[in-house]
Amino acid sequence: MAEVPPALTSEPASGRRISREIQAEERRRQLLDRMTKVFAKRGYRAATVTDLLAGAKIGMGAFYEEFEGKEDCFVAVYDRVLERAEAQLAAAMTEGGADDWTAQVSAGLAAVIRFVAEDPLAAKVVLLEAQTGGPAALERHRKVVAEVASFLARGRDEGAPGKRLPEDFEESTASGLLWLLQTKVARGEIGDPDELHREMLKVVLEPFLGPARTKRAIENTR
C-alpha cells in the first residue's frame with residue numbers, strides 16, 4: 001500500500017511532532033527507570049557504562065546520543081527519581097492542608113516514607129548514591145536539603161519554642177531526616193512505616209510546637 005503523503009493526512013504536522021516528542025520523552029523515561037536499577041544495585045562508583053548498556057538494553061551509540069557519560073547519566077537518573085518523588089510529595093501535602101503547616105509536614109513525611117517503601121531502588125539512588133555521583137549530583141543533594149530546611153523554617157511561626165531555635169536548626173534537622181532514611185535504605189528495610197512516620201514527625205514538630213502540641217498532632221495521625 002502506498003504511503004499517504006503528509007499533506008493529505010488528517011493530522012497536522014505540528015500534531016505529529018508533538019506525538020513524536022511525547023514518544024521520545026516516554027522512551028527516555030523508560031530508559032532512565034532501567035538505569036536507576038543499575039545504579040541502585042551496583043552503586044555509582046562500581047557501575048560502568050557497559051553495565052548501563054546491558055541494564056537499559058541499548059547500544060553504545062544510543063547511550064552517547066542521550067548522555068555525555070556515566071556522571072551525566074546518573075544526574076539524569078537522579079532528576080527523574082526526584083521528579084517522581086516530588087510529584088507524590090506535592091500531591092500529598094496539598095491534600096494534607098493547603099495552609100496548615102503541621103498537616104503538610106505529616107502528609108509530606110508519610111508520602112516520602114511511602115515512596116521509599118514502594119521503590120527502595122529509586123530511594124537508594126537519591127539517598128545513598130547521590131553523594132558519590134559527582135559534583136552535579138552532590139549539588140542537587142545539597143539543594144534538596146536546603147529546600148527541606150526552607151519549608152521547615154515555616155514552623156518558627158507556629159509556636160513560641162520555634163522562635164528561639166538556632167539559626168541553622170532547620171538545615172541540621174533536614175540533614176538528620178535524610179540520614180535516618182539513608183540508614184533505613186542501607187539496611188534494606190524501612191520497618192514499620194507508621195512507627196517511622198511518628199518518629200520523624202516527633203523529630204520535626206516538637207522543637208517548633210513543644211511536647212504537648214506535638215503529642216496531639218501525632219495522635220491525630222492514627
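Scanning the stretch 85-101 for residues that are under 28 Å from Leu31 (Cα atoms), free of Cβ contacts under 8 Å to residues at least 24 places away in the same chain and surrounded by fewer than 19 Cβ atoms within 10 Å (Cβ to Cβ) returns Glu86, Ala87, Ala90, Ala91. Against the conditions (1) modelled with pLDDT of 90 or more; (2) over 21 Å from the mean Cα position of the chain (by Cα), Gln182 satisfies every one except (2).
Of all residues in the stretch 102-121 being without any contact (Cβ under 8 Å) to a residue 60 or more places away in the chain and crowded, with 19+ Cβ neighbours inside 10 Å, which is farthest from Leu181 (Cα to Cα)? Looking at residues that are without any contact (Cβ under 8 Å) to a residue 60 or more places away in the chain and crowded, with 19+ Cβ neighbours inside 10 Å, I get Gln104.
Return a yes/no flag: does the stretch 90-107 have any residue that is touching a Gly at 6+ places or on another chain (Cβ under 7 Å), farther than 19 Å from Ala153 by Cβ and part of a helix (DSSP H, G or I). The answer is yes; a qualifying residue exists. Scanning the stretch 150-175 for residues that are among the hydrophobic types (A, V, I, L, M, F, W, C) and under 13 Å from Val105 (Cβ atoms) yields Phe151, Leu152, Ala153, Ala174. The C-beta contact set for the stretch 55-72 (first residue touching a residue at least 60 places away in the same chain (Cβ under 8 Å) and under 15 Å from Ala137 (Cα atoms), second residue of a type in the set (Gly, Ala, Ser) and outside any helix (DSSP H, G or I), distance under 8 angstrom, 6+ apart or interchain) comprises Glu71/Gly133; Glu71/Gly134. Within the stretch 124-135, the set of residues being at pLDDT 90 or above and farther than 19 Å from Thr48 by Cβ comprises Val126, Leu127, Pro135. Taking the listed residues Glu147, Glu129, the one that is under 20 Å from Leu32 (Cβ atoms) and out of contact with any Leu (no Cβ under 6 Å at 6 or more places or on another chain) is Glu129, with no other qualifying.
The values are calculated or read from the model by the stated rules, or taken from the named source; none is laboratory data. Values in this document were obtained by computation on a predicted structure and should not be read as measured data. So basically every Cβ, Gly included, is an ideal-geometry build from the backbone, and we count neighbours across all protein chains shown.
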